[in-house]
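Student: Have a look at this one.
None of the figures in this text is laboratory data; all of them are computed from the coordinates on show. The model shown is predicted, which means the values in this text are computed figures rather than measured ones. Cβ coordinates were reconstructed from backbone atoms using ideal geometry, including for glycine residues, and neighbour counts include every protein chain displayed.
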Amino acid sequence: MIYSLRGNLAAKKEGFVVVDVAGLGHKVYVAPRILEKLPGIGEPVQLYSYLNVREDALDLYGFLRETELYFFEKLLTISGVGPKSALAVMAVATVDQLAAAINEGKPDLLVRAPGVGKKTAERIVLELRGKLPTLKSEETVRLMEADIDVEEALVGLGYSRSDARKAIEKLDGKTKGLESRLKGALRLLQTRNI
């Protein structure tokens, strides 16, 4: 099993990157949230990885933190969740937020992932609830639910979903409440400070 890759980032494409390790380019699938945090082309990078072995392919999935890899592997233990579905779930929110949503029994937050229906989301919550370490999960879920409303409001105002998510991620964690978070995100978007 390949646990991690360390090398230079050779390419960034939609849905994957190429990591050059001693002259050998490895194609590594990553979530959009991870892709945005990676350094520029030619810069050094380390990714924790999961090797998915199929009859017709060997696919690598990469993560910036070991906790992300752990969460990904936990998702794969659920019947009906493959690597692509697990990566889609991880694109919805941070691992801490997703773990909090699962521990609080909130499958509605997982349904936002493309290809994950209500039954699959409920199965994830049922099988992983209480098995994922989180801090202040109730508070995290409330904040996440408010952020979903903020994101939808920003999209309704004409901003792209990607820009809305970036603005929400830059908000100070101390900013509470839907109205305050919406105002803060609008301020960031208007000043193009995302």
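Student: If you rank Lys118, Lys183 by fewest surrounding Cβ atoms within 10 Å, what's the result?
Tutor: Lys118, Lys183
Student: Kindly express, to the nearest 10 degrees and within the range 0 to 90, the angle between helix 66-76's C-alpha long axis and the longest C-alpha principal axis of the chain.
Tutor: 90
Student: In µm²/s, what is D for region 66-128 at 25 °C and 0.890 mPa s, where D = kT/(6 pi eta Rh) by Stokes-Einstein and Rh is the Kirkwood radius from Cα pairs?
Tutor: Approximately 221 µm²/s, per Stokes-Einstein.
Student: From the phi angles alone, apply the Karplus equation (6.51, -1.76, 1.60; θ = phi - 60°) to region 102-113 and give each ³J(HN,Hα) in whole Hz, x where the residue is Gly or Pro.
Tutor: 5, 5, 8, x, 10, x, 4, 6, 7, 5, 5, 6
Student: Now for a different question. For region 4-63, what is Rg from Cα atoms divided by 2.2 N^0.38 Å, rounded to two decimals?
Tutor: Expressed relative to 2.2 N^0.38 Å, the Cα Rg reads 1.04.
Student: Can I ask one more? Could you grab the relative contact order for region 66-128? Cα pairs under 8 Å, six or more apart, rounded to a whole percent.
Tutor: 33
Student: Next question, about the same structure. Just grab the label-to-label distance for Ala11 and Arg129, each label 7 Å out from Cα along the Cβ direction, in nm (one decimal).
Tutor: 4.5
Student: Please state, as a whole number in µm²/s, the translational diffusion coefficient that the Stokes-Einstein equation yields for the chain at 37 °C and 0.692 mPa s, with Rh defined as the Kirkwood radius across alpha carbon pairs.
Tutor: In µm²/s, the coefficient is 185.
Student: Using just the helices of the chain, give the 222 nm mean residue ellipticity in deg cm²/dmol: DSSP H runs with n ≥ 4 each add -39,500 (n - 2.57), and the total is spread over all residues, rounded to 500.
Tutor: -14000 deg cm²/dmol
Student: Can you tell which of Ala88, Val45, Ile102 lies farthest toward the positive end of the dipole of region 35-192, using +1 and -1 charges on the Cβ of basic and acidic side chains (Lys, Arg; Asp, Glu)?
Tutor: The residue sitting farthest along the positive end of the dipole is Ile102.
Student: While we're on this one: How large is the convex hull of the Cα atoms of region 137-190 per residue, expressed in Å³ as a whole number?
Tutor: 65
Student: Also: What are the lysines whose alpha-carbon lies under 16 Å from the alpha-carbon of Lys176, with same-chain residues fewer than 8 places away excluded?
Tutor: The qualifying lysines are Lys136.
Student: Return the whole-Å distance between the Cα centroid of region 1-28 and the Cα centroid of region 39-54.
Tutor: 4
Student: Quick one: of Lys13/Lys183; Lys119/Lys174; Lys27/Lys84; Lys12/Lys166, which pairs are farther than 24 Å apart, Cα to Cα?
Tutor: Lys13/Lys183; Lys119/Lys174
Student: Just how large is the dipole of region 1-115 about the Cα centre, in debye to the nearest 20, putting +1 at every Lys and Arg Cβ and -1 at every Asp and Glu Cβ?
Tutor: With Lys and Arg at +1 and Asp and Glu at -1, about 120 debye.
Student: Taking the Cα centre of the chain as the origin, how large is its charge dipole in debye, to the nearest 20, when only Lys and Arg (+1) and Asp and Glu (-1) carry charge on their Cβ atoms?
Tutor: With only Lys, Arg, Asp and Glu charged at Cβ, the dipole is about 260 debye.
Student: Taking only Cα atoms and a 10 Å spring cutoff, compute GNM fluctuations for the chain and point out the largest among Leu171, Leu60, Leu76.
Tutor: Leu171
Student: Got a sec to turn the phi values of region 16-32 into Karplus ³J(HN,Hα) couplings, 6.51 cos²θ - 1.76 cosθ + 1.60 with θ = phi - 60°, whole Hz, x for Gly and Pro?
Tutor: Each residue's phi maps through the Karplus curve to give 7, 10, 10, 10, 8, 10, 6, x, 10, x, 9, 7, 10, 6, 9, 6, x Hz.
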